[in-house]
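Read the structure below first, then the notes.
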Amino acid sequence: MTRVLDTAEGFVQDALAGFAAVHGDLVRRVDGGVVRADPLADGHVAVVVGGGSGHYPAFAGVVGAGLAAGAVCGNVFTSPSAGQAYRVARAAHAGGGVLFSYGNYAGDVLHFGAAQERLRAEGIDTRTVLCTDDIASAPADRIDERRGIAGDFVVFKVAGAAAERGDSLDEVERLAIAANDRTRTLGVAFGGCTFPGADGPLFTVPDGMMSVGLGIHGEPGIRDVPMGSADEIAEILVSELLADVPEDRGDRVAVLVNGLGTVKYEELFVLYGQVAARLGHASLTVVEPECGELVTSLDMAGVSVTLFWLTEELEELWRAPAYTPAYRKGLVERHASPGGSDDAPAAARPDPASSVSEPVETASPASVARADRALVLLAAMQATLHEHEDELGRIDAIAGDGDHGVGMRRGIDAALAAASAARDSGLSAALRTAGEGWSEIAGGTSGALWGAALTSLAPALDRDDVTATHVAAAARAALDTVVRLGRAKVGDKTMVDALVPYVERLEAAAAVGRPLAESLAAAAADATAAAEATSALRPALGRARPLAERSLGHPDAGATSLALVLTAITQTSIARTSNTQTSIARTEGRTS
């Protein structure tokens, strides 16, 4: 993934543009992803899938008849923004409601969830079915915490087939839930994947070993074992999958042998033969297996096996025809629109009312001045996040996908640009648009949390009489927002571990009348110490949770970036206050 590209920043959009140009008869570009070129029949359910890019054929490659109506495409391994999910869903909607389906990752849950709320507020019935097939990511008694990997495809296929035949939203949702409940996946990695433009892979596997329990966002497995033959790999995967099955599993099963990016088809066929033999020895009937690349992870060297335990109604949907750029089965009557024009047919166009510009806000000179001060602080945040981008990525790659530094840089760049454009509308507008910009461009969990946190600051700070008490109240509002959306608590090894002591120190200092500059410095020091102390913690949430042991001894990237930002804000605020006081003193001296 380091060879064919123009720029790493533009890789996803360049790839999506080329994809749509190749398959213009089947898909149409919209802001945030792609939708079917041939719109759904009126009243049909729109199944909208998505997540970060880097997984082709997921997600854009499965848009078409018998499968998805639209795909939301975020940055590489980063959840798309709420705005992207909303816009793709609006473009795909045909009057029958929307079913979102995607892997169970915190960033996707936050952003798609926000899009769902917005769609529902506009009268579009919207549901969500999370994919939770990866047996390595949580034990059976916590199955709802599992992440989605190659089994995503099973859920998309069942939901898309049900929607294609005209089932109601209630029924499409029920069948998608049933498919997810009856799907299990496990994979092994032989080597890590490399981000476009990066110098090396996100992880390596020791020579002579393979890593069991891989994730599709560049995560290594949860344990390394000696490298095995195809027979031995099949034994590990099938035996563990057969030990983790749904109730009333039956004896009919669909099988996916999936390549993660580098393992070639002939190798996958060899593995499938061994998998099928073991399932036959277990007296199981394999129904219409799939063997190839279905959900990849850039150029990861790895394979996964998915078992989908069939019922009569689910088997009918699994066998149903489909016709998409990357997946075709059976005979489908197509009415494709050639050329992939950006001019959507009427059934796929968003309601024009949804794009009406909001009136320009007016603000007092004092609020504009406060917006100017906020821009200075955002610029300080930008400088420190650019400076530490590589370090944050390195920390994140230990037990995650290594994109935290890139995401934070993209977020602050977008936030500063948006706030600058809204400066004349005052502090509240500047902070709100900064938050929206951060969330839209950065995506991911941190994008959603930072975006919402910035927006939450305005009520306490956009006033003429800001005191240390108001600053503490703003920090508390940000903390409450982050906890409400992210559902983390102290000890989970997240940014909350650094934010809580910061807020508590500000509140305690304000209660006894400490000077604001002194309070900010002490609070930032507390946040930095707390971020460093996360090295001793095991992650309880997010992608790093299945790799908790690898994370020990290393600080959390989110807590670290927060501490860096709070320190930069503090230093800038103190410097500005000192310069202002010096200027006043000089003026008073000349006057006397």
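Taking only C-alpha pairs under 8 Å that are 6+ residues apart, what is the relative contact order of the chain in percent?
13 percent
Take the alpha carbon gyration tensor of segment 394-532, find the square roots of its eigenvalues, order them as a ≥ b ≥ c, and report rounded if a/c is under 1.5; if not, report prolate when a/b exceeds b/c, else oblate. It is oblate, given that a/c is not under 1.5 and a/b is not larger than b/c.
Would you please put 362-374, 30-42 in order of how densely packed they are, using the mean number of other Cβ atoms within 10 angstrom per residue and starting with the highest?
So the order, starting with the most tightly packed, is 30-42, 362-374.
Surface composition of segment 189-273: carbon plus sulfur atoms contribute 53% of the solvent-accessible area (1.4 Å probe, protein chains only, all chains present). Based on alpha-carbon centroids, what's the gap between segment 158-189 and segment 79-107 in Å, whole number please? The two parts, judged by their Cα centres, are 16 Å apart. Estimated at the nearest 10 Å², the accessible area of Leu110 is 30 Å² with a 1.4 Å probe. DSSP finds beta bridges in segment 1-134, and of those with both partners inside it, around 30 percent are antiparallel. The order of the peptides 181-190, 68-77, 260-269, 393-402 by mean Cβ neighbours within 10 Å, most packed first, is 68-77, 181-190, 393-402, 260-269. Only Lys, Arg, Asp and Glu carry charge here, each on its Cβ (+1 for the first two, -1 for the last two); on that basis segment 74-163 has a dipole of about 280 debye about its Cα centre.
Taking the helices alone, the chain has a mean residue ellipticity at 222 nm of -15500 deg cm²/dmol, built from -39,500 (n - 2.57) per DSSP H run of at least 4 residues and averaged over all its residues. Modelled spin-label separation between Asp231 and Leu5, with each label point placed 7 Å from Cα along the Cα-to-Cβ direction: 4.1 nm. Residues whose amide H comes within less than 5 Å of that of Phe203, counting only those at least five positions distant or on another chain, are Gly192, Cys193 (H built at 1.01 Å from N in the peptide plane).
For segment 138-152, backbone phi angles converted through the Karplus equation (6.51, -1.76, 1.60; θ = phi - 60°) give residue-by-residue couplings of 6, x, 4, 7, 10, 4, 5, 8, 5, 8, x, 10, 5, x, 3 Hz, Gly and Pro being listed as x. A full extension of the chain between Arg319 and Asp141 corresponds to an added length of 61.0 nm, given 0.36 nm per residue minus the alpha carbon distance. Using Cβ point charges alone (K and R +1, D and E -1), the dipole size of the chain about the Cα centre works out to roughly 1140 debye. Placing pseudo-labels 7 Å out from each Cα toward the beta carbon at Ala529 and Leu331 gives an inter-label distance of 7.5 nm.
The Glu504 and Glu391 beta-carbon pair, evaluated with R₀ = 22 Å, returns a calculated FRET efficiency of approximately 0.25.
Less than 5 angstrom separates the built amide H of Gly302 from those of Phe190, Leu260, Gly261, Thr262, Val263, all sequence-distant by 5 or more or on a different chain. Beta bridges assigned by DSSP with both partners in the chain are antiparallel in approximately 55 percent of cases. With the Cα gyration tensor of segment 1-67 giving a ≥ b ≥ c as the square roots of its eigenvalues, does the rule (a/c under 1.5 for rounded; else a/b larger than b/c for prolate; else oblate) give rounded, prolate or oblate? It is prolate, given that a/c is not under 1.5 and a/b is the larger ratio. Counting only residues at least eight positions apart within a chain, or on another chain, the lysines with an alpha carbon under 19 Å from that of Lys329 are Lys157. Whole Å is fine, so just give me how far the alpha carbon centre of segment 270-319 lies from that of segment 407-463. If you average the Cα positions of each part, the centres end up 44 Å apart. Sorting the Cα pairs of segment 384-447 by distance into bins of 10 Å, from 0 upward, gives 27, 42, 24, 7, 0 percent per bin. Here the dipole of segment 1-80 is about 140 debye; that uses its Cα centre as origin and unit charges on the Cβ of Lys and Arg (positive) and Asp and Glu (negative). Remark: segment 216-230, residue by residue, has Karplus-estimated 3J(HN,Hα) of 8, 9, x, 7, x, x, 8, 7, 9, 10, x, 4, x, 6, 4 Hz, where x stands for each Gly or Pro and the curve is 6.51 cos²θ - 1.76 cosθ + 1.60 at θ = phi - 60°. A simple spin-label model places pseudo-atoms 7 Å from Cα toward Cβ; at Val490 and Asp170 they are separated by 4.7 nm. Note that the chain presents 40 Å² accessible area per residue, ligands and nucleic acids not counted, probe 1.4 Å. In terms of the mean number of neighbouring beta-carbon atoms within 10 Å, the peptides 442-452, 316-326 order highest first as 442-452, 316-326.
At an R0 of 25 angstrom, the distance between the Cβ atoms of Glu122 and Thr362 translates into a FRET efficiency of 0.35.
For segment 453-496, backbone nitrogen atoms closer than 17 Å to the point 7 Å from Arg514 Cα along Cα-to-C-beta are found at 467-476.
3J(HN,Hα) along segment 42-57, derived from phi through the Karplus expression 6.51 cos²θ - 1.76 cosθ + 1.60 where θ = phi - 60°, amounts to 3, x, 7, 6, 9, 8, 10, 10, x, x, x, 7, x, 10, 3, x Hz, with x in place of Gly and Pro.
What's the local net charge at Thr262, with K and R +1, D and E -1, over the other residues with C-beta under 12 Å away? Neighbourhood net charge equals -2. Averaging the Cα positions of each part gives two centres, and for segment 467-485 and segment 379-400 these lie 24 Å apart. Here segment 1-160 has 52 percent of its accessible surface on carbon and sulfur atoms, given a 1.4 Å probe and all protein chains in place. Maximal additional length on extending the Asp199-Arg223 stretch stands at 6.1 nm, based on 0.36 nm per residue less the C-alpha distance.
The values are calculated or read from the model by the stated rules, or taken from the named source; none is laboratory data. Quick caveat, the model's predicted, so the values are computed rather than measured. Please note: Cβ atoms are built from the backbone with ideal geometry, for glycine as well, and neighbour counts cover all protein chains shown. Heads up: the accessible areas ignore ligands, DNA and RNA and are worked out on the full protein's heavy atoms, side chains in. Shrake-Rupley method; radii C 1.70, N 1.55, O 1.52, S 1.80 Å.
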